[in-house]
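See structure below.
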Amino acid sequence: MKKLACLMVVAVLLAVSMIPAFAASGINKNEQELLNYVKTAYVVNGTTITVPQEYMTALENVFANVDVTDAQYKEIKAILDEALAFCKSKNLTEIDDITKTGSTQTLLDYARKALAVIGCTLATKGSLKDADHGTLIIYDANGKVIAELHPAIIKSGKSSGVVDKTGADYTSAAICGVSAVAVLAAASVAVKKFRKENED
Amino acid sequence: MRTNSEKNRSKKGYRKYFIILPVVFLICGYILFFVCLTPILNPLISVYSLAFSNTNSRTAAESGTNSIFNGSTGIRNGIVNYDEFDYPAYGDIFGKITVEGTNIDCNLIFGSNTSLLRQGACVSIYGHIPGCGSGILVGAHNNTYFHSLPRAKEGATVNVETNYGSFVYRVKETKIIKDTDRQGYEKQLNGDEETLILYTCYPVDTLASTPDRFFVFCELVSGPKVNMFE
């Protein structure tokens, strides 16, 4: 009986410890605080650098699928404070400043640390200098994608937007066509050479 | 009597015609067959996994997507709280969209990337989901799901069924906007009025991505309100 009770306690504790990070939920008080922090905290020389609303919405969408506890909030906020101090020390006011000052890796490390608090990981795809093709991918603990984000949607005052490339998707057809042309070209070269050698 | 150089030449020719060329043809032929047969083999593999594997129909649907949509809920008004439904996760099929006057009748997927765009109309995470009282940005390929989007006329009805409610929108305006022109749709996307924004590459018959997008802005007619905040 004792063993059974012990097993039950372990099972309940395991289940409870898993709930905070992955239970689908609304946006709680801690998440609202984080949203406000991201929205208003970055003030350089008296000017608040605003995060585009699209990013705030993306963050809301991520928060709707995770649950940030009080302890996690404190940990994340401490990391964000550090990241903020770093940005201010480097005087980063434009997206371009990040690459110019070589701060990309440091900022990615801060993001990775903050995401690790809620059991998530961050990966990058393509060059982050390229707002159209570079991508930041956030994974949950099970390796499932939670979000894919553009590194920038406004670059040097010029917008690159959040709309996708929705042109015709002819990838398969293109590969098929190129392969067919390659086969034909190789065949014709081979036939020509074969004939020439026969004539010789 | 054959000289050494003649022997070398014939050896080279032997290698070229009996080893290198067949290998090249084999590889090219394999790629050709693989690409041609993939569309035929994929449904067969799906049917096989559905019939003979232990996975259920939900996981066997499409790679990378999970469906949380099981048909209309019939909820057309009122308030839906965050704890009353499954908030879609990235890559989830969570609804369906139809547009009057067009052939558009496809799945709604939460999130967008190259792979998801092949499977339906994608709801951008830079916008909200229907019912949140703000902009909803939905994109799809111009050669498949949204090919007939330019046929959507002002006043046409757009029906959106989701796993938490049924929404009706009306086409208010159509516009051609450059893909980099964020200001062309920013007000509707980030505004306080619920606006469904549909877009695809324009012109729709071009063979590659274009810098122009055909946008359709729709106003909400009816649907429940979603409360995301605890």
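List of remarks:
- Filter result for the condition that a residue is in contact with a helix residue (DSSP H, G or I) (Cβ under 6 Å, 6 or more places away or on another chain), surrounded by 15 or more Cβ atoms within 10 Å (Cβ to Cβ), β-branched (Val, Ile, Thr) and modelled with pLDDT of 70 or more, over B:ILE31, B:ILE97: B:ILE31
Table: residues versus (1) closer than 17 Å to B:THR200 by Cα; (2) part of a loop (DSSP other than H, G, I, E, B); (3) among the polar types (S, T, N, Q).
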| position | (1), (2), (3) |
| --- | --- |
| B:THR102 | yes, yes, yes |
| B:LEU116 | yes, no, no |
| B:ILE129 | no, yes, no |
| B:THR144 | yes, yes, yes |
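- Residue in segment A:57-67 that is modelled with pLDDT of 90 or more, surrounded by 14 or more Cβ atoms within 10 Å (Cβ to Cβ) and among the polar types (S, T, N, Q) present: yes
- Selection of segment B:60-100 for residues being among the polar types (S, T, N, Q), assigned to a loop (DSSP other than H, G, I, E, B) and touching a strand residue (DSSP E or B) at 6+ places or on another chain (Cβ under 8 Å) yields B:SER72, B:THR73, B:ASN77.
- Within segment A:78-91, considering residues that are in contact (Cβ under 8 Å) with a residue 40 or more places away in the chain and over 30 Å from A:ASN142 (Cβ atoms), the one surrounded by the most Cβ atoms within 10 Å (Cβ to Cβ): A:CYS87
- Qualifying residue in segment B:103-120 (condition: surrounded by fewer than 18 Cβ atoms within 10 Å (Cβ to Cβ), more than 12 Å from chain A (Cβ to nearest Cβ) and among the small types (Gly, Ala, Ser)): no
- B:GLY133 satisfies every condition listed in (1) buried (at least 24 other Cβ atoms within 10 Å of the Cβ); (2) part of a loop (DSSP other than H, G, I, E, B); (3) modelled with pLDDT of 95 or more except (1).
- The set of residues in segment A:102-123 that are farther than 19 Å from A:PHE63 by Cα, polar (S, T, N, Q) and surrounded by 14 or more Cβ atoms within 10 Å (Cβ to Cβ) comprises A:SER103, A:THR104, A:THR106.
- For segment B:182-196, the count of residues that are at pLDDT below 95, assigned to a strand (DSSP E or B) and at negative phi is zero.
- Checking each residue of segment B:199-211 against the condition of being in the same structural domain as B:THR144 (by TED's automatic domain parsing), of a type outside the set (A, V, I, L, M, F, W, C) and farther than 20 Å from A:VAL163 by Cα gives no match.
- Scanning segment B:146-163 for residues that are assigned to a loop (DSSP other than H, G, I, E, B) and more than 16 Å from B:TYR199 (Cβ to Cβ) returns B:LYS153, B:GLU154, B:GLY155, B:ASN163.
- Residues in segment A:32-77 that are touching a strand residue (DSSP E or B) at 6+ places or on another chain (Cβ under 7 Å), touching a residue at least 12 places away in the same chain (Cβ under 8 Å) and either more than 14 Å from every other protein chain (Cβ to nearest Cβ) or over 18 Å from A:CYS120 (Cα atoms) (or both): A:TYR42, A:PRO52.
- Any hit, segment B:191-214, residues being surrounded by 19 or more Cβ atoms within 10 Å (Cβ to Cβ), among the aromatic types (Phe, Trp, Tyr) and in contact with a helix residue (DSSP H, G or I) (Cβ under 6 Å, 6 or more places away or on another chain): yes
- When segment B:121-150 is filtered for residues that are more than 9 Å from chain A (Cβ to nearest Cβ) and within 20 Å of A:MET56 (Cβ to Cβ), the ones remaining, listed by number, are B:VAL123, B:PRO130, B:GLY131, B:GLY133, B:ILE136, B:VAL138.
- Looking only at segment A:24-54, and only at residues there that are of a type in the set (Ser, Thr, Tyr) and surrounded by fewer than 20 Cβ atoms within 10 Å (Cβ to Cβ), the one that is farthest from B:GLY135 (Cα to Cα): A:THR47
The values are calculated or read from the model by the stated rules, or taken from the named source; none is laboratory data. The structure presented is a predicted model; accordingly, all values stated were derived computationally and were not measured. We place every Cβ from the backbone using ideal geometry, glycine too, and count neighbours over all the protein chains shown.
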